[in-house]
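Reviewing the structure listed below.
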Amino acid sequence: MISVTVAAHGLRNRRTIGTHFKAYDSGRLLIGEETDLEDVIKENNNNFDIKKKKGIIFNFYNYIYSVLSKICSCFLTFFNAYIPLWKLFKSVNYEEITICSEKYIIKNKNHPPMENTFILRKIFTYLEVTELLNVGKVSKKWRSVVKMYPEQFNHFHFDQIKINLDEGQIILFSLDAQKDPKKFTIHSLKELESNMKHIKVNSLFIRGMIKSESKIIMKLLNNLSLYPTQFYCLYCDFCLDSIIELKKYISINQKYINDIGFEECSSNELFCDDIFIPTIPNLINLRIINTTSHVYLAVTDKFLFEIIEHSEMTKSFTLEFLMINRPRFTVQAFIGVMEVWNKYCKNDLIITIQNATFTMNDLIGQCHATTDLKIIGKKFIESNNYYFHINIVKL
């Protein structure tokens, strides 16, 4: 899997900072409603598409034409019902055709095999992704089945997808590390959604999301079946509604996500315990860093106590890396995490807390007073040849 450092740096030699972002509407994805896909296909297939003209005379002409067309169609229907055209060729002898039972015919009229959604879904599960996309071009019914049940069909697999909303680009990193990443320009969110319905990824990286589009984008992600193990956001601005969608997204993918990162994302007060608690059973890495905000996160001791409770219940400790800026952790809850790691550790653990509510000296004093844990060199504790590295920064 591509590391977070590579994800943040992208294809440039150094990390992009805010001054290098393109201006809004200068490469950004468009939020506005787009033409429906069905209308686009009809326009592409219609070689006689004529632009509508304006004017009273032309509108009157269209009205007369439509009325006459309806009258003619009604007349032909009536004529064919009472004087069928086949009687003109009554002298021609035709071979008899075997007629199926009426019960069978009625059943198939109600549920034609190639129009039955259940049957189509069963058939489409055996198709490769490229074949599936081609099948969607056969008819409107087939296309709707492909669009409505993408999670049941085969998918393209990628290592990472980078969605650079500030530049209107999507970059696909192949599972084969020797292949170069592919870069595409996406002009609208609807186009982005249609291109990602049949994709699964190991890592999803989003950059440059602004507050006005955050809710729409998070809703879009909830409609996809990407199932990433790593979810990382850089320079993203969330609104209150988008945080609700973010909670839903993480809850839906809690079985898969084990690496979460929010770097220079706002607003700090919106990031709370309820977002991250569902991922605790599989959580390995968590990064929440925002150096520009002076507001404390709503991540409290509740998050640490959930880690402790899960570790005691499963007799294991999965977390390996935690870097967080301005949490509301207390020294007592932090010591509880140290104790449970000391009992069940099977990997090293690194925790860095910036702008903490307590100092390293406070932590050392509490450990000596209430536990048998010894912090070596004010940096780490050791247990069963594993190390718990601690970095507490209080400004």
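Laboratory data are not the source of any read-out in this text; all were calculated from the coordinates shown. What you see is a predicted model, and the numbers here were worked out from it, not measured in a lab. Positions of Cβ are generated from backbone atoms using ideal geometry, with glycine treated the same way; all protein chains shown enter the neighbour counts.
Structure notes:
- Least to most buried among Ser242, Ser293 (fewest other Cβ within 10 Å first): Ser293, Ser242
- For Thr357, the residues 5 or more places off, or on other chains, whose built amide H falls under 5 Å of its own are Phe329.
- Packing order of peptides 178-185, 261-268, highest average first: 261-268, 178-185 (average count of other Cβ atoms within 10 Å over each peptide's residues).
- Summed residue charge, Cβ within 10 Å of Tyr235's Cβ, Lys/Arg positive, Asp/Glu negative: -3
- Residues His157 and Ile376, FRET efficiency given R0 of 45 Å [Cβ-Cβ distance, rounded to 0.05]: 0.55
- Order of Glu306, Glu245 under a 10 Å beta carbon neighbour criterion, fewest first: Glu306, Glu245
- If you sort the three axes of the alpha carbon gyration tensor as a ≥ b ≥ c, you get a/c of 1.5 or more for the range 252-350 and a/b above b/c, which makes it prolate.
- Computed from the Cβ-Cβ distance with R0 of 22 Å, the FRET efficiency linking His368 to Val393 stands at 0.55.
- For the pair Asn282 and Lys346, the difference between a 0.36 nm per residue extended length and the Cα-Cα distance amounts to 21.6 nm.
- Separation in nanometres of the label points that stand 7 Å from Cα toward Cβ, at Asn62 and Leu127: 3.6
- Approximating the spin labels as points 7 Å out from Cα along Cα→Cβ, the Asn361-to-Phe118 distance works out to 7.3 nm.
- Beyond 19 Å in Cα-Cα separation lie the following of the pairs Lys219/Lys248; Lys211/Lys394; Lys255/Lys343; Lys137/Lys200; Lys215/Lys248: Lys211/Lys394; Lys255/Lys343; Lys137/Lys200.
- Cα-based shape type of the range 339-395, given that a ≥ b ≥ c are square roots of the gyration tensor eigenvalues and the cut on a/c is 1.5: oblate
- Karplus-derived HN-Hα couplings along the range 57-73 (A = 6.51, B = -1.76, C = 1.60, θ = phi - 60°), whole Hz, x at Gly and Pro: 5, 5, 5, 5, 4, 4, 5, 4, 4, 5, 5, 5, 5, 5, 5, 5, 5
- Net lengthening on full extension, Ser139/Glu339 (0.36 nm per residue, minus Cα-Cα): 65.8 nm
- Here Asn223 and Ser69 are evaluated by their C-beta separation; at R0 = 25 Å the FRET efficiency comes out at 0.05.
- Charge sum, other residues only, whose C-beta stays under 13 Å from Thr359's C-beta, Lys/Arg counted +1 and Asp/Glu -1: +1
- Residue order, fewest to most beta carbons within 10 Å, for Leu165, Leu373: Leu373, Leu165
- Across the range 279-285, coupling constants 3J(HN,Hα) worked out from phi with the 6.51/-1.76/1.60 Karplus curve, θ = phi - 60°, read 8, 4, x, 10, 5, 10, 10 Hz, and Gly and Pro carry x.
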